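J.: Sharing a structure, written as structure tokens. Questions coming.
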Amino acid sequence: MQGVRSIGLMKAKEINVKIPGLYIHIPFCIKKCDYCDFYSVTSRSAIPVFLEALFKEMTMYRGDFDLFDTVYFGGGTPSVLRPEEIQDALNAVRRNFDLSSNAEITLEANPGDLDLAYLTSLRNLGVNRLNIGVQSFNEGILRFLGRRHSVEQAVSAIEEARKAGFDNLGLDLIYGIPGQKKTLWLETLNQAISLLPEHLSCYQLTVEPHTPLGKRCGEGEFSLPSEDLQYEFFMMTSEILEDSGYVHYEVSNFAKGMGFASRHNQKYWDHTPYLGLGPAAHSFLNNQRWWNHRSVERYLSAIENGAKPIEGTEVLSLEQLQLEAFYLGLRTKKGICIQDCSTKYSWDILAEKGKSFVELQEKGLILIENGFLYPTRNGLALSDSLALM
Ligand code: SF4
């Protein structure tokens, strides 16, 4: 794709009452984790030139996107950036776009990077939501995953974040690790609950064959938990967190009330427009999705040549949008608004899928109430296959 404008985008604010979100991908990590399949580089040396390119990329979208009400620094590890670099990035955002006065500004962070001085600087810069990649409160599991931080650092980072004034704190955790007993996961979950985060993301470990963990798995060093065990982990997590006052609002996400649900991530699930900047970042506007080069080198070289660093684009047909809305809706507690299917996607979903919905209701996987179709806890556990039933 040569440029987004070349395929005729209208300004986001003209065609969509929903305010878009801005995602900024920081493709740097100090050390690669053994399970990680994301693109990132481990040298800090390219950060200054990357930031220059990022600021240029912002100027390329001036006019296509005017207003954002969320900014999400993801990665990679955004907390490898110094406070001055984050300040420069936020200044560049404000120079090129409008930000709502109550914008949610999230930064993903590694516990090993967080001390009180750093966290206070972030808070003073306007970062108001911190997502800490804790992954586990078990030292052995952290080592197995190849994480570079300790349990002590994770606990300290959470405490220091509170002292720095963060009142919207999220923790990422991973379960379903080879050899992990349910009691061990329960210990991590209970420790997380005791630290009172406003948000928890609990992901099932996926092991890609080309990662260090994947290779060890391929050589037979360990095997992954069975589907039945993964299901038990999922159900136990949902039950325990909901009993502790968290809303299980998406397959992997829990919030202390919907006021603490990630405003930014929800945009991905209901076709709200978003702009993704940086290597590998995806964007969506109207019925178009496009994505940037994964490699930092290619990303930098495109921008140096004055082009948007876009690797590919797709224009989604009405049928594809319907399918996505269905698939994504089934991953959320809110579910699918039947009226929206008709008005947004010209889709009489009940007429088309009514028969399979009766079966899914009988199996206890979905409910249809008050104009919404939504998954039960069992349905959420099986949401990937639910959309195919
Ligand atoms: S910190 Fe995150 S992005 Fe970086 S290597 Fe580890 S899992 Fe991957």
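The values are calculated or read from the model by the stated rules, or taken from the named source; none is laboratory data. All values derive from a computational prediction rather than experimental measurement. Counting neighbours? That spans all protein chains shown, and the Cβs are built from the backbone with ideal geometry, glycine included. Side chains are part of the model used for accessible areas, which takes the heavy atoms of the whole protein and leaves out ligands, DNA and RNA. Shrake-Rupley method; radii C 1.70, N 1.55, O 1.52, S 1.80 Å.
J.: Counting only heavy atoms of the protein chains, get the accessible area per residue of the stretch 301-362 (1.4 Å probe) and round it to a whole Å² value.
T.: 56 Å²
J.: Still on this structure: Beta carbons within 10 angstrom, averaged per residue: use that to sort the peptides 134-141, 309-316, highest first.
T.: Sorting 134-141, 309-316 by mean packing, highest first, produces 134-141, 309-316.
J.: Karplus couplings for the stretch 98-106 from phi (6.51 cos²θ - 1.76 cosθ + 1.60, θ = phi - 60°), rounded to Hz, Gly and Pro as x?
T.: 8, 10, 4, 5, 9, 4, 7, 10, 9
J.: Further question: For the stretch 213-273, what size does the Cα cloud have along each of its three principal axes, sorted from largest down, in whole Å?
T.: Principal extents (Cα only, largest first): 45, 33, 15 Å.
J.: Which whole number in µm²/s is D for the stretch 137-205 by Stokes-Einstein, with the Kirkwood Rh taken over Cα pairs at 10 °C and 1.306 mPa s?
T.: Translational diffusion coefficient: 125 µm²/s.
J.: Considering only protein heavy atoms, what per residue accessible area in square angstrom results for the stretch 11-154 with a 1.4 angstrom probe?
T.: Accessible area per residue, the stretch 11-154: 38 Å².
J.: Now a separate question. Out of the total accessible area of the stretch 307-388 (probe 1.4 Å, heavy atoms of protein only), what percent is carbon and sulfur?
T.: About 54 percent, which is the carbon plus sulfur part of the accessible surface.
J.: Of the candidates LYS256, LYS32, LYS353, which one comes out as most mobile in a Gaussian network treatment of the chain with C-alpha springs shorter than 10 Å?
T.: LYS353
J.: Quick one: which of LYS18/LYS344; LYS31/LYS215; LYS18/LYS355; LYS267/LYS333; LYS18/LYS334 span more than 23 angstrom between C-alpha atoms?
T.: LYS18/LYS355
J.: While we're looking at this one, here's another question. At LEU186 and GLU227, where each label point lies 7 Å from the Cα along Cα→Cβ, what is the point-to-point distance in nanometres?
T.: Distance between the two pseudo-spin positions: 2.6 nm.
J.: I'd like to know how the chain sits against the 2.2 N^0.38 Å rule of thumb: what's its Cα Rg over that expected value?
T.: Output field value: 1.00.
J.: Give me Rg over Rh for the stretch 134-248, both radii from the alpha carbons and Rh done the Kirkwood way, two decimal places.
T.: Taking Rh as the inverse mean 1/r over Cα pairs, Rg/Rh reads 0.99.
J.: In whole Å, what is the distance between the alpha-carbon centres of the stretch 173-210 and the stretch 269-329?
T.: 30 Å
J.: Please find the FRET efficiency linking ARG95 to ARG44, where r is the Cβ-Cβ separation and R0 is fixed at 30 Å, and quote it to the nearest 0.05.
T.: 0.75
J.: Another question, if that's okay. Looking at the chain, what % of its DSSP beta bridges pair antiparallel, to the nearest 5?
T.: Of all bridge pairs located within the chain, approximately 40 percent are antiparallel.
J.: Something else now. With N denoting the number of residues in the stretch 230-389, provide Rg(C-alpha) divided by 2.2 N^0.38 Å, to two decimal places.
T.: Against the empirical 2.2 N^0.38 Å value, I get 1.21 for the stretch 230-389.
J.: For the stretch 312-360, what percent of Cα pairs sit more than 16 Å apart?
T.: 43 percent
J.: Taking all pairs of different Cα atoms in the stretch 175-310, averaging 1/r and flipping that mean, what Kirkwood radius in angstroms comes out?
T.: For the stretch 175-310, inverting the mean 1/r across all distinct Cα pairs yields 18.0 Å.
J.: List the residues whose amide H sits under 5 Å from the amide H of GLU311, counting only those 5 or more places along or on another chain, with H placed 1.01 Å from N in the peptide plane.
T.: HN-HN under 5 Å from GLU311: TRP291, ASN292, HIS293.
J.: If you don't mind, there's one more thing I want to ask. Search the structure for amide H atoms under 5 Å from the amide H of VAL134, placed 1.01 Å from N in the peptide plane, and list their residues when 5 or more places away or on another chain.
T.: Close amide H contacts, sequence-distant or interchain: ASP172.
J.: Which of the peptides 72-78, 379-385 is most tightly packed, and how do the rest follow, judged by the mean count of other Cβ atoms within 10 Å per residue?
T.: 72-78, 379-385
J.: Using only the Cα atoms of the stretch 36-189, build the gyration tensor, take square roots of its eigenvalues as a ≥ b ≥ c, and label the shape rounded, prolate or oblate: rounded if a/c is under 1.5, else prolate if a/b is larger than b/c, else oblate.
T.: prolate
J.: Tell me the Rg and the Dmax, in Å, that the Cα atoms of the stretch 20-88 produce.
T.: 13.1, 41
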